[in-house]
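Visitor: What follows is a structure written as structure tokens; I'll ask about it next.
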Amino acid sequence: MRAKKKLIYIALTGLGLGFVQKSAPTLKDTFKDDFYVGAALNYRQISGQDAKATALIKQQFNTISPENLLKWEAVHPQPGKYNFKPADDYVAFGQQNKMFIIGHTLMWHQQTPKWVFEDEKGQPASREVLLKHLEEHINTVVGRYKGKIGGWDVVNEAIDDQQGELRKTKWLEILGEDFAAKAFEYAHKADPKAQLYYNDYSLYRPEKREGVIKLVKGLQAKGIKVTAIGMQGHYGLTKPSIEQVEASIVAFAKLGVHVNFTELDIDVLPNPSKRQGADIAETFSADEKYNVYTSGLPDSVQQKLTQRYADLFALFHKHRDVIDRITLWGVTDADSWLNDWPIRGRTSYPLLFDRSYQPKPALQAVLQAVKKDKI
Ligand code: GLA
């Protein structure tokens, strides 16, 4: 009898072990002691219409960002008219799955309706009117998700691409140089416990890095809390260099803030832009010579992509003391914005899962990054 019991025990443990070995490691488990790993979601994934993507999200990620549905034009399209349903569902999805939920974004020069910068008569808003719009918006949106959304991209892309100066936006033009301070102040008032971020692209560039440092130091001097700087991370296969990205991580950490990689993707397609940024306003018309992998990614490029992701995650892991979160900008290659930017209708391959929801070799390489860094 005893022997039989032992046999059954061995058989069951054997089965158990077999299961553990077969179930592949996931991103969230692999990096659980280091940082959150997440993705930007669209409504089809949240609502379960894209069920395969929803399953992948639950399996792999422990933080989520809203790709579009909390941008001003989506959540607050007209004065006094809010469209909360998609955002409510997004937040409920994150809560149900015990994820760290990000809000994106409160102040940006894009995807913000015209009326925000106008008064009731359609004339350019005064500072007073624009501040009223901003405060009401932030109070309502941040207040609604108080205690549920853990961190907000308060200000997005306020530094220009040339000299790292304040970008010439309507926010700056109408409010003056304290526009960012106001947004942070209102957000902090609406949810004192929420983490508050400054988020931007091309922060590896020395001019932009210095511009952000100046901006954040200015906020800190006013006693404003900036939890982290979000480096968006819309990168190419070879640029920026790992050293450039690292220099910014180190420089930002010296401010006493944390660093997040908030919109990571790797563009493998040729880019007609000379600017190497991620300015969504910079677009080009369709041209097949820039859409070169319509029938699949050649192995040689797949390998470069794999190596690129491995190098980046090894860097992230090295700086895990200051990095709280890595968020990919999309789940599978099919949903990436890079299929439509800077040229519409291209076939792009920027993420860790392919169009059939299958892991790409880059995923395996990323999971290995932990080990590599320990050597
Ligand atoms: C910027 C924004 C994101 C998104 C991307 C492109 O990086 O911060 O919200 O719009 O552009 O999808």
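The values are calculated or read from the model by the stated rules, or taken from the named source; none is laboratory data. From a predicted model like this one, the values you see are computed outputs, not experimental measurements. In this analysis, Cβ positions are derived from the backbone assuming ideal geometry, glycine residues included, and neighbour counts consider all displayed protein chains. Heavy atoms of the whole protein, side chains included, go into the accessibility calculation; ligands, DNA and RNA do not. Shrake-Rupley method; radii C 1.70, N 1.55, O 1.52, S 1.80 Å.
Visitor: Out of the range 331-345, which residues are more than 16 Å from residue 232 (Cα to Cα), in contact (Cβ under 8 Å) with a residue 40 or more places away in the chain and open to solvent by 10 Å² or more (accessible area, probe 1.4 Å)? Quick ask: steps written out before the conclusion?
Guide: At the first step, the residues of the range 331-345 found to be more than 16 Å from residue 232 (Cα to Cα) are 332-335, 339-340, 342-345.
If we keep only those that are in contact (Cβ under 8 Å) with a residue 40 or more places away in the chain as well, we get 332, 335, 342-345.
Residues satisfying the conditions are 335, 344, 345.
Visitor: Take the residues in the range 313-325 that are open to solvent by less than 10 Å² (accessible area, probe 1.4 Å) and in contact with a strand residue (DSSP E or B) (Cβ under 7 Å, 6 or more places away or on another chain), then tell me which one is nearest to the ligand (Cβ to nearest atom).
Guide: In the first step, residues of the range 313-325 are kept if they are open to solvent by less than 10 Å² (accessible area, probe 1.4 Å); the result is 313, 315-317, 323, 325.
From the residues that got through so far, the ones that are in contact with a strand residue (DSSP E or B) (Cβ under 7 Å, 6 or more places away or on another chain) too are 316, 323, 325.
On the way: 316: 19, 323: 19, 325: 15 Å.
Of everything passing the filter in the range 313-325, 325 is nearest to the ligand (Cβ to nearest atom).
Visitor: Do we find a residue being in a helix (DSSP H, G or I), within 30 Å of residue 28 (Cβ to Cβ) and either open to solvent by less than 20 Å² (accessible area, probe 1.4 Å) or in contact with a strand residue (DSSP E or B) (Cβ under 8 Å, 6 or more places away or on another chain) (or both) anywhere in the range 155-166?
Guide: Within the range 155-166, none of the residues are in a helix (DSSP H, G or I), within 30 Å of residue 28 (Cβ to Cβ) and either open to solvent by less than 20 Å² (accessible area, probe 1.4 Å) or in contact with a strand residue (DSSP E or B) (Cβ under 8 Å, 6 or more places away or on another chain) (or both).
Visitor: To continue, here is another question. Within the range 222-245, can one find any residue that is out of contact with any strand residue (DSSP E or B) (no Cβ under 6 Å at 6 or more places or on another chain), assigned to a helix (DSSP H, G or I) and of a type in the set (Ser, Thr, Tyr)?
Guide: No, there is no match, as no residue in the range 222-245 is out of contact with any strand residue (DSSP E or B) (no Cβ under 6 Å at 6 or more places or on another chain), assigned to a helix (DSSP H, G or I) and of a type in the set (Ser, Thr, Tyr).
Visitor: Can you report the number of residues in the range 192-208 which are open to solvent by 30 Å² or more (accessible area, probe 1.4 Å) and either assigned to a helix (DSSP H, G or I) or under 15 Å from residue 263 (Cβ atoms) (or both)?
Guide: 2
Matching residues to (1) over 30 Å from residue 34 (Cα atoms); (2) in contact with a strand residue (DSSP E or B) (Cβ under 7 Å, 6 or more places away or on another chain); (3) away from the ligand (no atom under 16 Å from the Cβ); (4) at pLDDT below 95:
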{"residue": "272", "(1), (2), (3), (4)": "yes, yes, yes, yes"}
{"residue": "280", "(1), (2), (3), (4)": "yes, no, no, yes"}
{"residue": "292", "(1), (2), (3), (4)": "yes, no, yes, yes"}
{"residue": "311", "(1), (2), (3), (4)": "no, no, yes, no"}
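Visitor: Next question. Counting only residues that are open to solvent by less than 10 Å² (accessible area, probe 1.4 Å) and within 16 Å of the ligand (Cβ to nearest atom), which one in the range 214-236 is nearest to residue 269 (Cα to Cα)?
Guide: Filtering first and then ranking leaves 233.
Visitor: Please indicate, with yes or no, whether at least one residue in the range 108-115 is assigned to a strand (DSSP E or B), within 16 Å of the ligand (Cβ to nearest atom) and under 20 Å from the mean Cα position of the chain (by Cα).
Guide: no
Visitor: Looking only at the range 175-191, decide whether some residue is among the charged types (D, E, K, R), within 30 Å of residue 37 (Cα to Cα), within 16 Å of the ligand (Cβ to nearest atom) and not in a helix (DSSP H, G or I).
Guide: Among the residues of the range 175-191, not one is among the charged types (D, E, K, R), within 30 Å of residue 37 (Cα to Cα), within 16 Å of the ligand (Cβ to nearest atom) and not in a helix (DSSP H, G or I), which makes the answer no.
Visitor: Here's a follow-up. Looking only at residues that are away from the ligand (no atom under 16 Å from the Cβ) and in a strand (DSSP E or B) in the range 37-84, which one is least open to solvent (accessible area, probe 1.4 Å)?
Guide: In this case the residue turns out to be 37.
Visitor: Sticking with this structure for a sec: Can you name the number of the only condition in (1) surrounded by 15 or more Cβ atoms within 10 Å (Cβ to Cβ); (2) in contact with a helix residue (DSSP H, G or I) (Cβ under 8 Å, 6 or more places away or on another chain) that residue 328 fails?
Guide: (2)
Visitor: Out of (1) within 15 Å of the ligand (Cβ to nearest atom); (2) at positive phi, what's the single condition that is false for residue 296?
Guide: If we test residue 296 against (1) within 15 Å of the ligand (Cβ to nearest atom); (2) at positive phi, just (1) comes out false.
Visitor: A further question follows. Being within 16 Å of the chain's Cα centre (by Cα) and not charged (D, E, K, R) is the filter here; which residues of the range 46-73 pass it? Spell out the reasoning first.
Guide: If we filter the range 46-73 for residues that are within 16 Å of the chain's Cα centre (by Cα), which is where we start, we get 57, 60-71.
The answer is 57, 60, 61, 62, 63, 64, 65, 66, 68, 69, 70.
Visitor: In the range 118-137, is there at least one residue being closer than 19 Å to residue 199 by Cβ, within 16 Å of the ligand (Cβ to nearest atom) and hydrophobic (A, V, I, L, M, F, W, C)?
Guide: Within the range 118-137, none of the residues are closer than 19 Å to residue 199 by Cβ, within 16 Å of the ligand (Cβ to nearest atom) and hydrophobic (A, V, I, L, M, F, W, C).
Visitor: Only one of these is away from the ligand (no atom under 16 Å from the Cβ), farther than 19 Å from residue 303 by Cα, over 18 Å from the mean Cα position of the chain (by Cα) and open to solvent by 10 Å² or more (accessible area, probe 1.4 Å): 239, 254. Name it.
Guide: Criteria check complete, one pass: 254.
Visitor: Look at residue 347 and say whether it is closer than 27 Å to residue 200 by Cβ and polar (S, T, N, Q). Reasoning before the result, please.
Guide: Details: closer than 27 Å to residue 200 by Cβ: no; polar (S, T, N, Q): yes.
Taking the combined requirement at face value, the residue does not satisfy it.
Visitor: For residue 336, all conditions in the list (1) more than 14 Å from the ligand (Cβ to nearest atom); (2) under 15 Å from the mean Cα position of the chain (by Cα) hold save one; what is the number of the exception?
Guide: Exception for residue 336: condition (1).
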